[in-house]
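*Asks:* Please see the structure below; I have some questions.
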Amino acid sequence: MPLNIDQDVQRFRNIVKGRVRKDLKRFMSEGEMIGKQGDKYVKIPLPEINIPRLRYGKNEAGGVGQGEGEDGEKMPGDGQKAGDQPGEHEYEAEVSLEELAEILGEELKLPRIEPKGRKQVTATHDKYTGIARIGPNSLRHTRRTFQASLQRQVAAGAWSPERPMLVPTREDMRFRSWKAKQEPQSSAAILYVMDVSGSMGKEQKEIVRLEAFWIDTWLKANYKHLETRFIIHDAAAKEVDRDTFFRVKESGGTLISSAYTLIERTILDHYPPEEWNLYVFQFSDGDNWSASDTKICMEMLRDRILPKVNLFAYGQVESEYGSGQFLQDIAGGFSDDERVVISRIADRSAIMASIRDFLGKGR
Amino acid sequence: MPNVATTETVLHRAQRRLPANLEEQRLRILAIAKRHGLDTFDTVFEMCDYDEINMIAAYGGFPVRYPHWRWGMEFQQMAKGYEYGLQKIYELVINTKPSYAYLLDNNAFVDQKLVMAHVYGHVDFFKNNCWFAHTNRKMLDQMANHAVRVRKIADAVGESATEAWLDLCLSVDNLIDPYLIHDRPRGDVQPLDADLITPQSFRLPARNHMESYINPPDVLLRQQEAAEAEAVKVRGQFPASPVRDVLGFILQHGKMRAWQAELLEIIRDEAYYFAPQGQTKIMNEGWASYWHTKLMTEEILDDSEVIDYADHHSGTVVMRPGQINPYKIGIELYRDIEKRWDRGQFGKEWFDCDNATVRREWNRPPTADPSEKPGWTPGKTKIFEVRKTHNDVTFLDAFLTEDFCKRAGLFTYEFDKKSGEYLVDSHEFADVKQKLLFMVGGRGQPRVSVTDGNHGNRGELELTHDHEGVDIQLDWAQQTLGNLATLWGRPVHLKTVIEDKPAQLHHDGRQFTYDGPKPSGKAKG
């Protein structure tokens with residue numbers, strides 16, 4: 001049932017979205033929202049959304065408490081002040097990932113992604129649409145059952161409002177019934193690749209983490225089904241989970257070809273290109289062990305990776321150790337290839353621009 | 001629009017009626033409450049699902065309010081709290097005649113009984129406590145009228161202009177004088193006109209032979225001079241004495257359009273309606289809790305419900321370490337008063353007694369007061385009297401005793417800037433009492449009054465914060481001052497104290513300036 005308050009809620013959501021939109025660049029480079037990410041929502045601190053009033057400073061007033069504790073000791077409990085006053089804590093807005101993607105798309109003017117022109121996979125879904133008189137007990141529709149029972153009793157004159165009692169009989173039973181439905185399904189997979197050799201520092205990894213969050217958010221909004229894989233490499237490559245990906249600290253040399261070999265194998269094993277929209281995002285500081293390995297990389301990229309993917313993105317996170325040579329190598333070889341995007345990320349404030357580079361092609 | 005709202009409300013009313021078994025309980029509880037002496041307005045209970053009850057709670061208890069995003073924000077926060085099981089609204093009742101109370105439809109039967117008993121406690125309080133005597137008991141209609149007026153304004157001047165102006169008004173809706181409704185307007189006391197003052201104005205009636213003794217000429221002359229000086233001083237002052245009702249002052253003297261004044265008036269009206277509830281939170285919740293406990297445990301509960309009841313009741317009066325709960329302080333104080341008056345623990349003799357054992361054992365029931373109702377103990381008579389005449393400040397001032405303070409383990413705490421933690425400051429009765437009165441007295445809000453409505457003879461507004469040892473939060477003050485400047489239409493100044501030194505904040509509508517000591521970093525909230 002629609003409530004009177006729905007329009008106020010709607011208005012409030014719009015205000016929140018407006019604030020997020022206005023400060024998108026700050027949110028993109030600070031990443032405070034990512035720490036508070038749920039499955040479908042992110043929490044965004046928006047202290048300025050409150051109505052300002054003349055009030056005491058939060059910490060100034062002190063107060064009266066109750067419990068154990070001698071003078072001069074820490075407050076019992078968690079040492080925090082009792083706060084049932086509204087507005088004492090900073091407001092955190094919950095924004096769904098879809099809304100966030102929508103804001104991102106509008107602000108960066110990102111084109112919607114057209115899934116690849118290959119034949120689309122269809123998937124079969126069971127959809128519960130109707131009501132049946134027979135079915136398993138686990139699908140019993142309680143309300144409809146009681147409605148039927150009530151109808152029968154009223155019709156039979158057996159119903160009394162003073163003693164409201166309903167006993168559904170066998171013929172009152174109603175069950176949910178389903179239909180099988182064919183639906184086109186567009187699936188996508190992202191392979192994140194990161195160089196974890198000694199020259200990639202903490203700040204560089206944080207930038208990659210922020211980039212990955214926004215890429216995920218956007219692609220999730222464009223595909224029904226999205227899978228992500230994480231590959232790290234130094235001189236050898238291996239697949240890890242998301243958590244390890246952003247935390248792991250390795251050292252040693254860098255052989256990018258090792259990662260490319262693993263990319264190809266992952267695609268062949270799990271993601272047949274005719275059924276999947278594939279994205280590869282590689283982040284590195286641009287160092288490779290040797291020119292000969294770079295040559296191997298270029299060949300692999302051209303012959304074995306690019307034909308399979310929608311997009312190959314190379315993001316070079318600048319560090320004080322990296323030479324940045326690899327960016328020039330790729331740029332030289334593939335500058336006019338639609339499937340390749342290259343972005344140089346100097347620092348956090350460049351994240352927004354690089355996301356625009358990566359996703360601006362609408363592939 | 002209003003027509004639609006009305007049909008909808010009527011439809012809802014029918015669906016929200018209490019089912020037969022709860023209606024039966026309601027009548028029973030009401031009869032028991034009456035027998036115990038509670039005196040209530042008629043109370044209409046409505047059944048709501050959790051979306052509806054969250055909506056009504058977000059609206060401050062009223063089913064229809066003017067459109068504003070703030071309700072949406074509160075609604076969302078409440079809905080979240082409910083989903084996560086953090087918050088469960090136990091009772092929602094509004095001060096109107098008849099009173100309306102809302103029951104959550106999937107609460108357990110024993111909870112519904114508890115809520116009804118609690119609600120009747122509140123309604124008795126609304127009806128009888130003198131601080132509510134001047135509230136508008138037709139507020140349900142008034143709120144709906146406000147909603148219609150705001151919608152009409154929005155149709156005329158646009159939604160965004162309306163919303164922007166409402167945001168400004170709400171930003172100052174705490175700058176009211178909660179005592180104003182009990183006060184006669186003071187505006188009619190005019191200072192004497194300096195030209196009309198003669199020595200004869202001060203002459204007292206006296207017989208001829210006493211004249212020079214009763215009205216010595218030099219005294220008359222001195223009185224005349226003093227009065228003239230006063231008249232000259234006061235003539236330049238506007239307002240003649242500080243005005244705490246800042247909202248009312250701006251409404252009366254600010255430069256704004258008619259629709260803007262209408263919105264400000266609506267916000268002010270609603271702020272005054274809610275003010276007594278802020279002044280009696282401890283008393284009101286304590287009274288309702290006192291009565292639901294008494295009625296439930298003495299009469300209403302079935303044996304099978306005792307455990308659930310005890311569980312839920314303890315949830316409402318629990319004192320978390322380090323916090324105080326108005327329900328708990330209130331109920332314990334009423335019980336303490338009842339016990340003390342039954343045992344005669346009051347009056348000069350008891351206060352002067354400093355022998356702890358004698359005090360503890362003290363049991364000298366007072367002689368029956370002729371005004372006492374038959375069958376009522378002195379304690380019961382006393383708590384009914386207290387609930388009629390006190391507000392939280394006077395309640396704590398009169399009845400918070402040192403014994404009580406010790407038993408309850410109350411202490412004051414302060415924020416320690418070095419460690420970033422709250423530290424227990426004092427267990428001294430005087431300190432605790434002073435801090436409690438400070439918190440309750442200003443409703444946790446700084447006390448600000450208009451001290452000059454024509455500052456610098458430029459039509460600017462000067463406000464003064466009565467500094468009571470706690471600084472205001474500067475970043476919020478800056479924004480609020482900007483809003484005030486827009487409302488007033490001219491620059492606004494605020495005199496206050498920051499870090500023990502006088503400070504002045506100015507806002508001319510565009511720019512904020514600050515004269516005063518730099519606040520230390522931690523104070524920012």
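The values are calculated or read from the model by the stated rules, or taken from the named source; none is laboratory data. Here the structure is a predicted model, which means the values were calculated and not measured. Cβ placement follows ideal geometry from the backbone for every residue including glycine, while neighbour counts extend to all protein chains displayed.
*Asks:* Can you pull out every residue in segment B:443-492 that is acidic (D, E) and closer than 18 Å to B:P242 by Cβ?
*Replies:* B:D452, B:E460, B:E462, B:D466, B:E468
*Asks:* Please go through (1) under 30 Å from A:L97 (Cα atoms); (2) in contact (Cβ under 8 Å) with a residue 24 or more places away in the chain for A:D241 and return the number of the only condition it doesn't satisfy.
*Replies:* Checking A:D241 against (1) under 30 Å from A:L97 (Cα atoms); (2) in contact (Cβ under 8 Å) with a residue 24 or more places away in the chain, the one that fails is (2).
*Asks:* Can I ask one more? With the requirement that a residue be surrounded by 15 or more Cβ atoms within 10 Å (Cβ to Cβ), within 14 Å of chain A (Cβ to nearest Cβ) and over 8 Å from B:L263 (Cβ atoms), what does segment B:157-167 give you?
*Replies:* Matches in segment B:157-167: B:E163, B:D167.
*Asks:* Which ones in segment A:158-181 are assigned to a loop (DSSP other than H, G, I, E, B) and free of Cβ contacts under 8 Å to residues at least 40 places away in the same chain? Spell out how you get there, then give the answer.
*Replies:* Within segment A:158-181, the subset assigned to a loop (DSSP other than H, G, I, E, B) is A:158-169, A:173-174.
The answer is A:A158, A:W159, A:S160, A:P161, A:E162, A:R163, A:P164, A:M165, A:L166, A:V167, A:P168, A:T169.
*Asks:* Those residues that are assigned to a helix (DSSP H, G or I) and over 21 Å from B:L103 (Cβ atoms), I need them from segment B:50-72; list them, please.
*Replies:* Hits for segment B:50-72 are B:W69, B:R70, B:W71, B:G72.
*Asks:* Which condition from (1) touching a His at 6+ places or on another chain (Cβ under 9 Å); (2) under 12 Å from B:C169 (Cα atoms) is the one that B:K294 breaks?
*Replies:* If we test B:K294 against (1) touching a His at 6+ places or on another chain (Cβ under 9 Å); (2) under 12 Å from B:C169 (Cα atoms), just (2) comes out false.
Here's the yes/no breakdown for (1) farther than 30 Å from B:G441 by Cα; (2) not assigned by TED's automatic domain parsing to the domain that holds B:G61:
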{"position": "B:K97", "(1), (2)": "no, no"}
{"position": "B:L103", "(1), (2)": "yes, no"}
{"position": "B:F109", "(1), (2)": "yes, no"}
{"position": "B:Y120", "(1), (2)": "no, no"}
{"position": "B:M139", "(1), (2)": "no, yes"}
{"position": "B:V148", "(1), (2)": "yes, yes"}
{"position": "B:A156", "(1), (2)": "yes, yes"}
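*Asks:* Of the residues in segment A:1-23, how many are facing chain B (nearest Cβ under 9 Å) and over 20 Å from the mean Cα position of the chain (by Cα)? Walk me through how you get there before you give the answer.
*Replies:* Step one: of segment A:1-23, the residues facing chain B (nearest Cβ under 9 Å) are A:1, A:3-16.
Checking which are over 20 Å from the mean Cα position of the chain (by Cα) leaves us with A:1, A:3-12, A:14-15.
Matching residues across segment A:1-23 total 13.
*Asks:* Which residues, taken from segment B:475-490, are within 15 Å of B:L175 (Cβ to Cβ) and among the polar types (S, T, N, Q)? Outline the logic, then answer.
*Replies:* Initially, segment B:475-490 is screened for residues within 15 Å of B:L175 (Cβ to Cβ), giving B:476-477, B:479-488.
Answer for segment B:475-490, where residues must be within 15 Å of B:L175 (Cβ to Cβ) and among the polar types (S, T, N, Q): B:Q479, B:T480, B:N483, B:T486.
*Asks:* Looking only at residues in segment A:197-217 that are hydrophobic (A, V, I, L, M, F, W, C) and modelled with pLDDT of 85 or more, which one is surrounded by the most Cβ atoms within 10 Å (Cβ to Cβ)?
*Replies:* It comes out as A:I207.
*Asks:* What's the number of the condition B:A154 fails, among (1) surrounded by fewer than 19 Cβ atoms within 10 Å (Cβ to Cβ); (2) part of a helix (DSSP H, G or I)?
*Replies:* Of (1) surrounded by fewer than 19 Cβ atoms within 10 Å (Cβ to Cβ); (2) part of a helix (DSSP H, G or I), only one is false for B:A154: (1).
*Asks:* Could you figure out which of (1) at pLDDT 80 or above; (2) surrounded by fewer than 14 Cβ atoms within 10 Å (Cβ to Cβ); (3) within 12 Å of chain B (Cβ to nearest Cβ) isn't true of A:R26?
*Replies:* (3)
*Asks:* Consider A:I51 carefully, then state whether it is out of contact with any strand residue (DSSP E or B) (no Cβ under 8 Å at 6 or more places or on another chain), assigned to a loop (DSSP other than H, G, I, E, B) and either modelled with pLDDT of 85 or more or buried (at least 19 other Cβ atoms within 10 Å of the Cβ) (or both).
*Replies:* For A:I51, the condition - out of contact with any strand residue (DSSP E or B) (no Cβ under 8 Å at 6 or more places or on another chain), assigned to a loop (DSSP other than H, G, I, E, B) and either modelled with pLDDT of 85 or more or buried (at least 19 other Cβ atoms within 10 Å of the Cβ) (or both) - is met.
*Asks:* For segment B:76-96, check the following and say yes or no: at least one residue is in contact with a Lys or Arg (Cβ under 6 Å, 6 or more places away or on another chain) and either within 14 Å of chain A (Cβ to nearest Cβ) or charged (D, E, K, R) (or both).
*Replies:* So the first thing to find is which residues in segment B:76-96 are in contact with a Lys or Arg (Cβ under 6 Å, 6 or more places away or on another chain), and the list is B:96.
Okay, now just the ones that are also either within 14 Å of chain A (Cβ to nearest Cβ) or charged (D, E, K, R) (or both), so none.
There is no residue in segment B:76-96 that is in contact with a Lys or Arg (Cβ under 6 Å, 6 or more places away or on another chain) and either within 14 Å of chain A (Cβ to nearest Cβ) or charged (D, E, K, R) (or both).
*Asks:* Please count how many residues of segment B:468-494 are surrounded by fewer than 21 Cβ atoms within 10 Å (Cβ to Cβ) and in contact with a strand residue (DSSP E or B) (Cβ under 6 Å, 6 or more places away or on another chain).
*Replies:* The total comes to 4.
*Asks:* On to the next question. Checking B:Y213 against (1) among the aromatic types (F, W, Y); (2) surrounded by 12 or more Cβ atoms within 10 Å (Cβ to Cβ); (3) at pLDDT 80 or above, which test does it fail?
*Replies:* The failed condition is (2).
*Asks:* Another question about this same structure. Can you give me the ranges of the helices (runs of 4 or more DSSP H) entirely in segment B:241-358 with at least 3 residues that are assigned by TED's automatic domain parsing to the domain that holds B:G409 and either at pLDDT below 85 or within 30 Å of B:D155 (Cβ to Cβ) (or both)?
*Replies:* none
*Asks:* For B:S289, indicate whether it is surrounded by fewer than 21 Cβ atoms within 10 Å (Cβ to Cβ) and of a type in the set (S, T, Y).
*Replies:* Answer is no for this residue.
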